[in-house]
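Since the structure comes first, as C-alpha cells, the remarks are kept for the end.
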Amino acid sequence: MNFTLKQLRYVEATGRLGSIANAAQELSISQSSITAAIGALENQMGFDLFVRTPAKGISITPGGHETMKLICGFLVQSRHFEAEMMAIGGDASGSVRMSCYATAAPSFLPPILKAFKTVYPNTAIKLLEGNMEATMAYLNNGEADLALVYSEMVQERQNFTPLFRAPPYALIAADDPLARSASVCLADLAERPMIMLDLPRTREYFTDMFAQFGLKPNVVHTTRSAEIVRALVSGGHGFSILNICPPDYRGDDTRFRAIPIRDALKAPEFGIVTLADTRQPSIVKAFVQQCVDLKQAGVFAEIVIN
C-alpha cells in the first residue's frame, strides 16, 4: 500500500470530527484535500471508510471503524517516534499531550506545569479537559499521552502512577455554626441542604457515601461546575462535598470553610494513567517522573484535607 502520514492525519481528523468540513477547518486545509486523501485510501483498501449522506455529512462504516483504530494507533506511534528523534543528543524536548479531569485540574496542574517547564523549557504542553469519562476517552483514542484522573477509571492494559489520596471534605458557609467544627460526620450533614457536584460518577460516589450509614443526602441544587458550587455555598444555599481542595479554599477571608469528614470510608486515589502496551517517548516518561518527584516532596499535600 502507498499512503502518506499526511493522508492518514486527514482521514483520522474526518473520522474523529464526523465531518470533512470540520476536519478541513481544524487542519487549515481545503475540503478537496481531505476528500482526495479519503478517496485515495479507500481505493487502496478496496472498501468505503465513510458513507456520505447529502445534507447530513458522513458516518463511519464498520470497516472504517476498524481502519480508524489502526490509523489512530499508527499516528500515536509516529508522534512518539518524532519525540524520540527530537530528544537525541540529550535535549529533552517535544510535546506532552495530557487529558485532565477538569474539576480537579486548577488545583494540581499549576505546580506540576511550573516545575516541569522549569526543567524542560523547550517542551510544549497540550491540555485536554473534561469529565472523568471524557478524560479517559482522550487517552484511549490516542489524543493524549496520559490522563490525570482517579484510579477507579483505570482499565485493563493501562498503568496507574498514584500521586495522592483525596479524602472527601465538606464545604460549608463560613457563618454556619458547623464551620467552626474541627471535623464533621455524615449524620451532621444528611439533613442539611446539599449542593451536589453532578458529573458522571460523582453523584453515585457521594450518595453511596451516605448510603453506607443508612443516610440519604438532602440535595437541593445540582451543578456541573465547581465554581458554582463554591458560589452557592458562599451564599448560604447549602453545603457541598468535594475531594481536591485548592489552596485558596483555606484562607480565613473566604466565605466558606473546608471541613474534614471524619467517618468517610473511602479516600479515592488520584494519579496518572498511561497505556501499558504503548512505549512512551522520553519526554512523557520525564513528565511522569517529575510528578512522582513532586509527590515525594509533599507538594500535593497542600490540595487535600485530612
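Side notes on the structure shown:
- Count, lysine Cα pairs under 27 Å in the chain, 8 or more residues apart or across chains: 18
- Comparing MET68, MET45, MET153 in a Gaussian network model of the chain where C-alpha atoms under 10 Å apart are linked, the largest mean-square fluctuation is found at MET45.
- In the chain, the calculated helix contribution to ellipticity at 222 nm averages -13000 deg cm²/dmol per residue, counting -39,500 (n - 2.57) for every DSSP H run with n ≥ 4.
- Cα point-scatterer Debye curve for segment 169-260, base-10 log of I(q)/I(0) at q = 0.16, 0.22 Å⁻¹: -0.58, -1.14
- Packing rank of 139-152, 286-299, where each peptide gets the mean count of other beta carbons within 10 Å, highest leading: 139-152, 286-299
- Counted by neighbouring Cβ atoms within 10 Å, the residues PHE210, PHE108 run from fewest to most as PHE210, PHE108.
- Values of log10 I(q)/I(0) for segment 223-272 across q = 0.19, 0.23, 0.25 Å⁻¹ run -0.75, -1.02, -1.13, by the Debye formula with one identical scatterer at each alpha carbon and no solvent.
- Taking other Cβ atoms within 10 Å as a rough exposure proxy, LYS114, LYS266 sort from fewest to most as LYS114, LYS266.
- Neighbour-count ranking [beta-carbon atoms within 10 angstrom, fewest first] of LEU189, LEU163: LEU163, LEU189
- Note on the chain: antiparallel DSSP beta bridges, both residues inside, total approximately 55 percent of the bridges counted.
- All-pairs alpha carbon distance profile, the chain, 20 Å steps from 0, percent: 28, 47, 23, 1
- Net length gained if the chain between ARG79 and SER225 were fully extended (0.36 nm per residue, minus Cα distance): 49.2 nm
- Theoretical gain in end-to-end length, LEU215 to SER32 [0.36 nm per residue, Cα-Cα removed]: 59.8 nm
- The stretch between ASN159 and LEU113, if pulled fully straight at 0.36 nm per residue, gains 14.4 nm over its current Cα-Cα span.
- Treating r as the C-beta distance of HIS65 and ASP198 and R0 as 41 Å, the FRET efficiency rounds to 0.80.
Read-outs throughout are calculated quantities, based only on the coordinates presented, and are distinct from any laboratory measurement. Note that the structure is predicted; figures quoted are calculated from it, not measured. Positions of Cβ are generated from backbone atoms using ideal geometry, with glycine treated the same way; all protein chains shown enter the neighbour counts.
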